[in-house]
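Peer 1: Sharing a structure below in structure tokens format, with a few things to ask.
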Amino acid sequence: IPILMESGLKDEQLWISGAVDSLHNMGLHAFISEFTHSIRQCEVDFLGPLIMTSPNEAKKCLHTFSRWGINRFSVGYGSKNSTNMARTIRQWGFDVNINTAPDFESFLKALILLPKSITSSFTIENQHVNTCMYDTDDLCDKRRKIA
């Protein structure tokens, strides 16, 4: 946290992502207290079966994670039921990231799901596009992913 504070980055430019337990264990509350407008994202593919079979229980889990300070939920592009998961989570009012869209065509398909952001790495015309986080509100967003 001290290094980030010294970097001069505004909290709106910070985007951390990881498994919910690792974010919780790394001191998420201390991070949030310093960078209140940052994006704190966790992977939720493990909730797929629960979302499909017991949606009320899955929604309770997401609300719990939100109370912990998570403000965006990441669904793996190729994970089972990813389309339904992303739509459901978004319909419940949570921000969704589509993670690991493997190529440009997948990136475009992910856009149709109307996520808040897409994380992708692919090649266009022999030019590799590094892993990028595209905020769908502004595809030129200057946020930086740090975890």
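The values are calculated or read from the model by the stated rules, or taken from the named source; none is laboratory data. Keep in mind it's a predicted model, so treat the numbers as computed, not measured. Glycine gets a Cβ as well: all are built from the backbone with ideal geometry, and neighbour counts include every protein chain shown. Remember, those area values only see protein heavy atoms, side chains included, never the ligands or the DNA or RNA. Shrake-Rupley method; radii C 1.70, N 1.55, O 1.52, S 1.80 Å.
Peer 1: Which residue pairs have Cβ atoms closer than 6 Å, lie 6 or more positions apart in sequence or on different chains, and pair a first residue in segment 84-112 that is open to solvent by 60 Å² or more (accessible area, probe 1.4 Å) with a second residue that is of a type in the set (Val, Ile, Thr)?
Peer 2: If the second residue must be of a type in the set (Val, Ile, Thr), the pairs left are Arg90/Val96; Phe104/Ile124.
Peer 1: Would you point out which residue out of Glu12, Glu57 is more than 18 Å from Gln91 (Cα to Cα) and open to solvent by 40 Å² or more (accessible area, probe 1.4 Å)?
Peer 2: Step by step, each of Glu12, Glu57 is checked, and only Glu12 is more than 18 Å from Gln91 (Cα to Cα) and open to solvent by 40 Å² or more (accessible area, probe 1.4 Å).
Peer 1: Ile118 passes all but one of (1) among the aliphatic types (A, V, I, L, M); (2) at pLDDT 95 or above; (3) under 15 Å from the mean Cα position of the chain (by Cα); which number fails?
Peer 2: Unmet for Ile118, out of (1) among the aliphatic types (A, V, I, L, M); (2) at pLDDT 95 or above; (3) under 15 Å from the mean Cα position of the chain (by Cα): (2).
Peer 1: Tell me, which residue of segment 17-51 that is surrounded by fewer than 19 Cβ atoms within 10 Å (Cβ to Cβ) and among the aliphatic types (A, V, I, L, M) is modelled with the lowest pLDDT?
Peer 2: Met26
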